[in-house]
Amino acid sequence: MTISTIKSGPFEGQKPGTSGLRKKTRVFMQPGYLECFVQSTFNAIDGVAGKTLVVGGDGRFFNAQAIQTILKMAAANGAARAIVGLGGLLSTPAVSNLIRQRKTDGGLVLSASHNPGGIDEDFGIKYNIANGGPAPESITARMFAETETITEYRISDAGDVDLGTLGKTQVEAMLVEIIDPVAEYAALMQQLFDFDKISALIAGGFTLGFDAMHAVTGPYAKAILEGQLGAAPGSVINAVPSENFGGGHPDPNPVWAKALMDEMMSDKAPDFGAASDGDGDRNMIVGRGTYVTPSDSLAVLAANAHLAPAYKEGLAGVARSMPTSAASDRVAEKLGIGCFETPTGWKFFGNLLDAGKVTLCGEESAGTGSDHVREKDGLWAVLLWLNILAERKQSVADILREHWQEFGRNYYSRHDFEAVPTDAANALMSGLEAKLPDLPGTTCCGLNVVSADSFSYSDPVDGSVSHNQGLRIGFEGGARAVLRLSGTGTEGATLRVYLEQYEAPDGNHDLPVEDALEKVRSAVVEITDMAGHIGRTDPDVKT
Ligand code: G1P
Ligand code: ZN
């Protein structure tokens, strides 16, 4: 055996974004590229000597090859043990759970989440810490600093590990354990939810459709929904993970999960539909004829979580990312529990969860989760919904309608402008930022501006402060617009515009969403001089 220390070539400093490092697959495949990032990660955590790491990914192109490289590097850096999912597969929430259950030092997840996979598509890597959650900014900042100064990495020249066989093997002195990716996660779900009640609901004729989008949740959903809960065979579709996700975007929203949406809006719709993303942390919830926005889903789950065994004592608090609608704030207020607004990215929930300040968290981007792991969790959200439906014995549409009648409705939509030239996107944002102090007190498109700022977050647990987390404009009556640049895009800049309008409990909850948001949308277009900066006002994707 030889362990080589290889001098790395020039490596441009790489800044991890909202969720680890995401790049085109071919960028990751350049000689030494993945290696330099992994070594920088190891260096940033004071090395991995003697440590145990969980390693797995969503099965996209380059997943298995990257895992082989990581195992050889972990071994050469002196790691004691690696726990790897069979076939290299592990969903993001399953990694988080394994880190926690087995008390490992951390883990590496290979995924570009909901971005397409393939040699000409996207790849990504993120590091999770010992609490099971994404590395906080203090660590990602160190990782970035390491990438700027790295000159060498350590890698063993041992042969590849057989990822397709369960059991134990070695790379140099490091023990590699290949495990069933589903078992421990499924056991956790069984602890949290009333599987008997959900099974009884299904046995009584309740039907469901789950689109795994050819991504990692397939095996988890098959085992749990069909295997344990008795959903009809075939209820889980696109259940076999593929390297390019069947050529699609494994992004669970009405645009990319269109086939499921169409079915749910048709007369052949099952009672309940859901989908999850590439690495299994996002979810889409849809009832027969009724799409539930992620912001509303968080609010409904917060209002009803006590119906599931794990949350029967009630919630400590609820946290949402800043651009997520304020629907969950209204629930928290009524329940008299803590309510937090954090920057975009799951890593900001970690401290609040660890400190027991919140039990549920959510993001408008289809991420919902709780203190059971330190990642958002797609299938968990589906099971909590099913548990609530099994208790309330009402349709999704009725639950949503009653929710709005009690709390009011936060009409909401996100508009994404993709592949915008970076300079143009930056100019739009800095132009708006310069204007912010003058906006309050002005009127635009019939809306009175009452507040405008650049969001800064001060972590209530460790006191760390994160600046420049998005620009917000508040209007009279609860309407709001937020603008920020994506931290996960891989081409040019992605400008995200988040629109919200509040309608009181006794107001009209049946407007088409676009109509309800038209004034806020026009106001944003005008205030930012969107057409002047980026040459268009129509987004690529509306969710
Ligand atoms: C996007 C979402 C954000 C989520 C992240 C990782 O980040 O908006 O909520 O945490 O993906 O899944 P963005 O591209 O907006 O920076
Ligand atoms: Zn994801």
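The values are calculated or read from the model by the stated rules, or taken from the named source; none is laboratory data. Because the structure is a prediction, the values reported are computed rather than measured. All Cβ positions, even for glycine, are placed from backbone atoms using ideal geometry, and neighbour counts span all protein chains on display. These accessible areas exclude ligands, DNA and RNA; they are computed on the full protein's heavy atoms, side chains included. Shrake-Rupley method; radii C 1.70, N 1.55, O 1.52, S 1.80 Å.
Which numbered condition in (1) touching a Gly at 6+ places or on another chain (Cβ under 8 Å); (2) part of a helix (DSSP H, G or I) is the only one that residue 436 fails?
(1) is the only condition that residue 436 fails.
Name the residues in the stretch 486-520 that are modelled with pLDDT of 95 or more, surrounded by fewer than 20 Cβ atoms within 10 Å (Cβ to Cβ) and closer than 27 Å to residue 137 by Cα, would you?
Within the stretch 486-520, no residue meets the criteria.
Give the stretch 470-487 a look and list any residue that's more than 10 Å from ligand 1 (Cβ to nearest atom), outside any strand (DSSP E or B) and in contact (Cβ under 8 Å) with a residue 60 or more places away in the chain, or say none.
478 - this is the single residue of the stretch 470-487 that is more than 10 Å from ligand 1 (Cβ to nearest atom), outside any strand (DSSP E or B) and in contact (Cβ under 8 Å) with a residue 60 or more places away in the chain.
Restricting to the stretch 291-324, give me the number of residues that are open to solvent by 10 Å² or more (accessible area, probe 1.4 Å) and farther than 16 Å from residue 501 by Cβ.
Going through the stretch 291-324, the residues open to solvent by 10 Å² or more (accessible area, probe 1.4 Å) turn out to be 291, 293-294, 303-304, 306-307, 309-310, 312-316, 320.
Right, trim to farther than 16 Å from residue 501 by Cβ and you get 291, 294, 303-304, 306-307, 309-310, 312-316, 320.
Residues that pass the stated criteria total 14.
Mind listing just one residue for me: the one in the stretch 325-361 that is part of a loop (DSSP other than H, G, I, E, B), within 16 Å of ligand 1 (Cβ to nearest atom) and hydroxyl-bearing (Ser, Thr, Tyr) and, of those, surrounded by the most Cβ atoms within 10 Å (Cβ to Cβ)?
325
Go through the residues of the stretch 381-388 one by one and say whether even a single one is aromatic (Phe, Trp, Tyr), modelled with pLDDT of 95 or more, more than 16 Å from ligand 1 (Cβ to nearest atom) and outside any loop (DSSP other than H, G, I, E, B).
Restricting attention to the stretch 381-388, the residues satisfying the condition of being aromatic (Phe, Trp, Tyr) are 385.
From the residues that got through so far, the ones that are modelled with pLDDT of 95 or more too are 385.
Next cut, more than 16 Å from ligand 1 (Cβ to nearest atom) only: 385.
This time we only want the ones that are outside any loop (DSSP other than H, G, I, E, B), so: 385.
So far as the stretch 381-388 goes, yes, one or more of its residues are aromatic (Phe, Trp, Tyr), modelled with pLDDT of 95 or more, more than 16 Å from ligand 1 (Cβ to nearest atom) and outside any loop (DSSP other than H, G, I, E, B).
Hey, does the stretch 374-383 have a residue that's away from ligand 2 (no atom under 16 Å from the Cβ) and touching a strand residue (DSSP E or B) at 6+ places or on another chain (Cβ under 9 Å)?
So in the stretch 374-383, the residues away from ligand 2 (no atom under 16 Å from the Cβ) come out as 383.
Subsequent filtering for residues that are touching a strand residue (DSSP E or B) at 6+ places or on another chain (Cβ under 9 Å) retains none.
Within the stretch 374-383 (the criterion being away from ligand 2 (no atom under 16 Å from the Cβ) and touching a strand residue (DSSP E or B) at 6+ places or on another chain (Cβ under 9 Å)), the answer is no, since none of the residues qualifies.
Name, by its number, the condition in (1) outside any helix (DSSP H, G or I); (2) out of contact with any Gly (no Cβ under 9 Å at 6 or more places or on another chain); (3) over 27 Å from residue 191 (Cα atoms) that does not hold for residue 418.
Result: residue 418 fails condition (2) only.
Is there any pair with a first residue in the stretch 190-210 that is free of Cβ contacts under 8 Å to residues at least 40 places away in the same chain and a second that is assigned to a loop (DSSP other than H, G, I, E, B) and open to solvent by less than 20 Å² (accessible area, probe 1.4 Å) whose Cβ atoms are under 8 Å apart and which are 6 or more apart or on different chains, and what are they?
195/229; 199/229; 202/229; 202/231
Identify all residues within the stretch 364-394 that are open to solvent by 10 Å² or more (accessible area, probe 1.4 Å) and in contact with a Phe, Trp or Tyr (Cβ under 9 Å, 6 or more places away or on another chain); write none if there are none.
Hits for the stretch 364-394 are 364, 372, 374, 376.
Of all the residues that make up the stretch 163-177, how many are touching an Asp or Glu at 6+ places or on another chain (Cβ under 8 Å) and outside any loop (DSSP other than H, G, I, E, B)? Show your work before the answer.
Taking the stretch 163-177 and keeping what is touching an Asp or Glu at 6+ places or on another chain (Cβ under 8 Å), we get 166-169.
Filter again for outside any loop (DSSP other than H, G, I, E, B), leaving 167-169.
The number of residues fulfilling the criteria is 3.
Please list, ordered by first then second residue, the pairs with beta carbon atoms under 7 Å, 6 or more apart or interchain, first in the stretch 78-96 and at positive phi, second open to solvent by less than 30 Å² (accessible area, probe 1.4 Å) and outside any loop (DSSP other than H, G, I, E, B).
As it stands, the answer is 88/56; 88/57; 88/63; 88/67, since those pairs meet every condition given.
Determine, yes or no, whether residue 490 is at negative phi, of a type outside the set (A, V, I, L, M), within 16 Å of ligand 1 (Cβ to nearest atom) and part of a loop (DSSP other than H, G, I, E, B). Even if it seems obvious, please write down each step before you answer.
On the way: at negative phi: yes; of a type outside the set (A, V, I, L, M): yes; within 16 Å of ligand 1 (Cβ to nearest atom): yes; part of a loop (DSSP other than H, G, I, E, B): yes.
When the stated conditions are applied, residue 490 passes them.
Mind checking whether some residue in the stretch 139-149 is away from ligand 1 (no atom under 16 Å from the Cβ), under 30 Å from residue 370 (Cα atoms), without any contact (Cβ under 8 Å) to a residue 40 or more places away in the chain and in a loop (DSSP other than H, G, I, E, B)?
no
Looking at the stretch 262-283, which of its residues are out of contact with any Lys or Arg (no Cβ under 7 Å at 6 or more places or on another chain), within 20 Å of residue 232 (Cβ to Cβ) and within 16 Å of ligand 1 (Cβ to nearest atom)?
275
In the stretch 409-437, which residues are open to solvent by less than 10 Å² (accessible area, probe 1.4 Å), of a type outside the set (A, V, I, L, M) and under 18 Å from residue 487 (Cβ atoms)?
416, 417
List the pairs whose first member sits in the stretch 261-289 and is open to solvent by 10 Å² or more (accessible area, probe 1.4 Å), whose second member is more than 16 Å from ligand 1 (Cβ to nearest atom) and β-branched (Val, Ile, Thr), and whose Cβ atoms are under 8 Å apart, counting only residues at least 6 apart or on separate chains?
Close Cβ pairs (under 8 Å, with a partner that is more than 16 Å from ligand 1 (Cβ to nearest atom) and β-branched (Val, Ile, Thr)) amount to 261/286; 270/207; 271/207; 271/396; 288/396.
Give the stretch 347-368 a look and list any residue that's at negative phi and under 13 Å from the mean Cα position of the chain (by Cα), or say none.
Within the stretch 347-368, 347, 348, 349, 361, 362, 363, 364, 365, 367, 368 meet the criteria.
Per-residue answers, yes or no, for (1) surrounded by 14 or more Cβ atoms within 10 Å (Cβ to Cβ); (2) assigned to a loop (DSSP other than H, G, I, E, B); (3) of a type in the set (A, V, I, L, M, F, W, C):
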position: 155; (1), (2), (3): yes, no, yes
position: 161; (1), (2), (3): yes, yes, yes
position: 185; (1), (2), (3): yes, no, no
position: 202; (1), (2), (3): yes, no, yes
position: 221; (1), (2), (3): yes, no, yes
position: 225; (1), (2), (3): yes, no, yes
position: 231; (1), (2), (3): yes, yes, yes
position: 240; (1), (2), (3): no, yes, yes
position: 243; (1), (2), (3): yes, yes, no
